[in-house]
Each structure stands twice: as C-alpha cells, then as structure tokens.
Amino acid sequence: MKNSTIRIIVILAILSIMGITITQIYWVKRAFDLKEAEFDRNVNTALFNVAQQIFSINNAPSPGHNPVKQLSTNYYIVLVNSDIDANFLEFLLRSEFEKRNILVDFEYGIYDCDNEKMVYGNYVRLGETKGRQDRNTSLPKWTDTGYYFGVQFPSREAQIMNQMGIWLFSSAVLLVVIIFFGYSLFVILKQKRLSEVQKNFINNMTHEFKTPISTIAVSTEVLKSPDIIHQPERLFKYAGIIENENKRLRQHVERVLQIAQLDREEAGLKKETFDLHELIEEIADNIQVQLRESKGEIALHLNASPSKIKADRHHLANVIYNLLDNAIKYCQKQPSISITTGLQANELLLTVADNGIGVSEENKKRIFQRFFRVPTGNIHDVKGFGLGLHYVKQIVEVHRGKIVVESELNKGCLFTITLPAV
Ligand code: ADP
C-alpha cells in the first residue's frame, strides 16, 4: 500500500474516532443533565408534599408562594415558618423520598427563623433503612416558634451516575474500542516501518553483492582471453582483484550470518577463559591491512590487570572487529583509532574511540537497532546492512555486559563496553 494511502486512512480513522468520542461525550453530558433535572424535580415535589403535610398537621394555611427553594445544585430549603417536630419531619422526608425512588442518603437541618441558627441536624442513611418507616420518638420537637428546614444529598452525583448505567456501559465499550484502535494503529505503523527497513536492507544487500560479482565477472572475462598467459602482470592483477572481491563477498556473508547465528544460538555461547589483551592485539594486527589502505593508525592502551575474561572468544572477536570496521568505514579523514581497557570495581571496561563522522544525539539511541542505518542522503556512499551494532549489543548483553556510545558529529565516537571480570 502506498504511503499516502496509509496516511489518509490513518487520518480518516483518527477523525472518525474523535467524532464518535465527541458525540458520546455530548450525549452523556445531556443524559446527565436530564437525570439531574429529573432528580431536582422529584426532590422539589417531595419537599413540597412534606411542607403541605406540615402545614396541615399544624392547621396552618398554605402560603401563596412555593415554600421550597433550591439555593444551590445540592441544597434545598423549605420555608414552613411553623412548628417542626424533628421526628415527624424525618418520617415525612423518608417516606416522600422513598415514594419517588430517591434512595440516597440525605442530611437535613432545622433552623430557627428568628436568628437563622441551626437547632437540629441529622444524617439519614436511606439505603440502609429502606422500608423502615417507624417513627423514632427520641427526636426533639419545637413548638414554641417558627422554623424552616434545609436538605442536602452528599452523594447526589453518585446517585445520578447510578441511574446512567447504559450510558456508562456504552462509554466503557467506546473506550475499549479506542484502545483497540490505538493498538491496531501502532501495530500497522510498526509493520510499515519494519517493511521499509527490510526493503532498505534488501536494496543495500543487493548493491553490496552486485558490485563484487560484476567486478569478478569482468576480471574473469579478462583472464579468459588467450594472450593473457603472455602478460603475467595483468594476470596477477586480475587474479588479485578476484581475490579481494571474493574476500569482500565473504565478509558480507559473514555479517548476515552473524545475526542468523545469534538468533539460533541465543543461549548456546561457548564460554572460555582467555586473555582479552591477547585477543585485542591479535585483532589489531589483522586490521593493519585495512588500516594501511586508508592510511590510518590504531593505538592500544591496555591497562586492565588482570585481563582475563570469561566469554565466547569467537563472538567477542566479532564485536571488536565490527567496532573497528565501523571506525574505519565512517571516517572521512585518516582514521585514528584507540582501544583502551581498564578495571572498574568488578568490571572490565573496553573502549573503542575514533575520529570519524560521529553520530548525532537523535541517532545515538537508534544505531543499535536491527537494520538501522543513519540516513546520510548523498553525503557519503558507505554501504552496510545496519546489522553490525545490533549484533554487538546482543553479544555484549548475553555476556551480562553493557554498551554505550558517546559521540559528537564530526568529532568521532567512543563506544564503551562493560563486561563482568573474572
Ligand atoms: P552498518 O555499518 O552495516 O550500516 P552498523 O549496525 O554497524 O551497520 O551501524 C549502524 C549505523 O551506525 C551505521 O549505518 C552508521 O551510520 C552508524 N555508525 C556506526 N558506527 C559508527 C562510527 N564509528 N562512526 C559514525 N557512525 C557510526
């Protein structure tokens, strides 16, 4: 699928999910407002009925105005301006609320009309005493002056939410759909990146193999000409070219095989105890030919003592070769490499420093990823598979070690490997 098509699909999918979410939020809010209005209406009616019953019990005439006032979203007062028997009031409130299915705890307070002071207050658990309507005779009674009472519901919102079951359920389903959608999107984008990375890898590999193969083909053509036998110099030259190109091909194959081998042998390292310094000296010797070609130099500062290490010699050698190979490859001047070893606590430190093109801050985290290559545009044409450092990291980690890189663009890189010492 084309990149632009994927982008359009992703944008449309995100827009539709956003649309559905906004619609859901709007409807949930509307449903909440409706439930809230219904609750207020029921409470108002219940309190109005309570007031009417108090008036009738006191033989007082009903006032011309509605005695119930809602002072805030959750506080109602009822201006009875008459005698109130707390016991009777609580009984009336309970029965009126239960009648209207307002099964939520409430607090009420009785206030003195003259000095606005609360003379009595109680918290009533409607849920627990549901159905119990017997009168509690121990509550106080005021008969000598005028009173009003106030009611509020501490768990009003929870009660309204309880009545919105279907909306909460549909919101939860929507949330699951969004999470699932987000995850699918993440997987699609990851797969897309992976397929791009693999495409790059195949392009690189084809290029890397094509060049030596065609050079070998041309050289063989030359060697096949009948009079080459009389030109020993040309013969040697072309045989040499074939040998070098063959070596290059072998190196490429080994690179790819290293990773395949690593995948197969994950737990099967052949660990042995050997001297790390001997190995480094051996590798430094072997790399001299390559260094001479690019007029580079290598300096060894082998300070670790003792320098014994328990590791897979073959893989550890590959690790050092890969780092040195990169130090030469990614250098646009004469390579100057230095290898240092040292002991720190119970750990062996091995550093490889170069004076190459360096890696930017942003790419530093990614160079150890499989197939990752720093995008270089047309700046230089160093080819590779993006497997070397991934292999290095894997090997270091299976040896319970760590690798970090410090770098500055155009100054060089410093790779530090920490391994457990013997
Ligand atoms: P390859 O060299 O085959 O591309 P690596 O995994 O060895 O793959 O390296 C990944 C990338 O990290 C390289 O493409 C290169 O851009 C960058 N890199 C690695 N080593 C160095 C170095 N010493 N100096 C600068 N860049 C480096």
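The values are calculated or read from the model by the stated rules, or taken from the named source; none is laboratory data. Since this is a predicted model, take the numbers as computed values, not measurements. In this analysis, Cβ positions are derived from the backbone assuming ideal geometry, glycine residues included, and neighbour counts consider all displayed protein chains. Heads up: the accessible areas ignore ligands, DNA and RNA and are worked out on the full protein's heavy atoms, side chains in. Shrake-Rupley method; radii C 1.70, N 1.55, O 1.52, S 1.80 Å.
GNM on the chain, alpha-carbon springs under 10 angstrom: the most fluctuating residue among ILE179, ILE229, ILE11 is ILE229.
For the residues TRP167, TRP27, a 1.4 Å probe over the protein chains yields an accessible-area ranking, largest first, of TRP27, TRP167. Peptide packing: for 39-46, 352-359, 219-226, the average count of neighbouring Cβ atoms within 10 Å per residue gives the ranking 352-359, 39-46, 219-226, highest mean first. Modelled this way, with points 7 Å down the Cα-to-C-beta line, the labels at ARG234 and ASN66 are 11.2 nm from one another.
Rounded, prolate or oblate: which fits region 364-418 when a ≥ b ≥ c are the square roots of the eigenvalues of the alpha-carbon gyration tensor, with rounded for a/c under 1.5 and prolate only if a/b beats b/c? Cα axes put region 364-418 in the oblate bin.
Between LEU12 and ILE179, the FRET efficiency estimated from the beta carbon spacing at R0 = 30 angstrom works out to 0.95. Label-to-label distance, ARG125 versus VAL422, with points set 7 angstrom from Cα along the beta-carbon direction: 7.3 nm.
For region 356-422, trypsin sites (Lys or Arg not before Pro) are listed when DSSP marks them as loop and at most 11 other Cβ atoms sit within 10 Å of their Cβ; the list is LYS365, ARG400. When the Cα positions of THR215, ALA31, SER360 are compared along the charge dipole of the chain, THR215 comes out farthest toward the positive end, with charges on each C-beta of Lys, Arg, Asp and Glu.
Rolling a 1.4 Å probe over the protein chains gives PHE181 an accessible area of about 50 Å².
Would region 38-101 count as rounded, prolate or oblate if I go by the C-alpha gyration tensor, calling it rounded below 1.5 in a/c and otherwise prolate when a/b exceeds b/c, oblate otherwise? Since a/c reaches 1.5 but b/c is at least a/b, the shape of region 38-101 is classed as oblate.
What is region 297-383 by shape, rounded, prolate or oblate, if you read a ≥ b ≥ c off the alpha carbon gyration tensor as root eigenvalues and call it rounded for a/c under 1.5, prolate for a/b larger than b/c, and oblate otherwise? It comes out prolate by the Cα gyration axes.
Placing R0 at 35 angstrom, the Cβ-Cβ distance between HIS314 and GLN191 gives a FRET efficiency of 0.55 after rounding to 0.05. Taking the centroid of alpha carbons for each part, region 302-329 and region 1-37 are 55 Å apart.
If you take the beta carbon distance between ASN346 and ALA299 as r and set R0 to 25 Å, what does 1/(1 + (r/R0)^6) give as a FRET efficiency, to the nearest 0.05? Here the calculated transfer efficiency is 0.40.
With only the Cα atoms considered, the chain has a convex hull volume of 286 Å³ per residue. Between ARG366 and THR220, residue separation times 0.36 nm minus the direct Cα-Cα distance comes to 48.4 nm. As a quick test, which of the pairs LYS190/LYS329; LYS365/LYS393; LYS295/LYS411; LYS295/LYS393; LYS271/LYS383 have an alpha carbon distance above 21 angstrom in this structure? Those over the limit are LYS190/LYS329; LYS295/LYS393; LYS271/LYS383. Residue by residue, region 169-184 carries 3J(HN,Hα) couplings of 4, 5, 5, 5, 4, 4, 4, 4, 4, 5, 4, 4, 5, x, 5, 4 Hz when phi is fed to the Karplus relation 6.51 cos²θ - 1.76 cosθ + 1.60 (θ = phi - 60°); x denotes Gly or Pro. Remark: spin-label model distance LYS411-LYS333 equals 1.4 nm, labels positioned 7 Å along the Cα→Cβ axis. Accessible surface comparison of CYS331, CYS113, probe 1.4 Å, protein chains only, largest first: the order is CYS113, CYS331. Solvent-accessible area assigned to carbon and sulfur over region 154-281 amounts to 63 percent, based on a 1.4 Å probe. Only protein heavy atoms count here; on that basis, with a 1.4 Å probe, LYS295 has an accessible area of about 140 Å².
Quote the accessible area belonging to GLU243 in square angstrom, nearest 10, computed with a 1.4 Å probe and with ligands, DNA and RNA left uncounted. Rounded to the nearest 10, the figure is 120 Å². Quick one: go through region 287-309 and flag any residue whose amide nitrogen is under 16 Å from the point 7 Å out along the Cα-to-Cβ line of ARG248. Those under the cut-off are 290-291, 293-294.
In this structure the chain gives 59 Å² per residue of accessible area when probed at 1.4 Å with all protein chains present.
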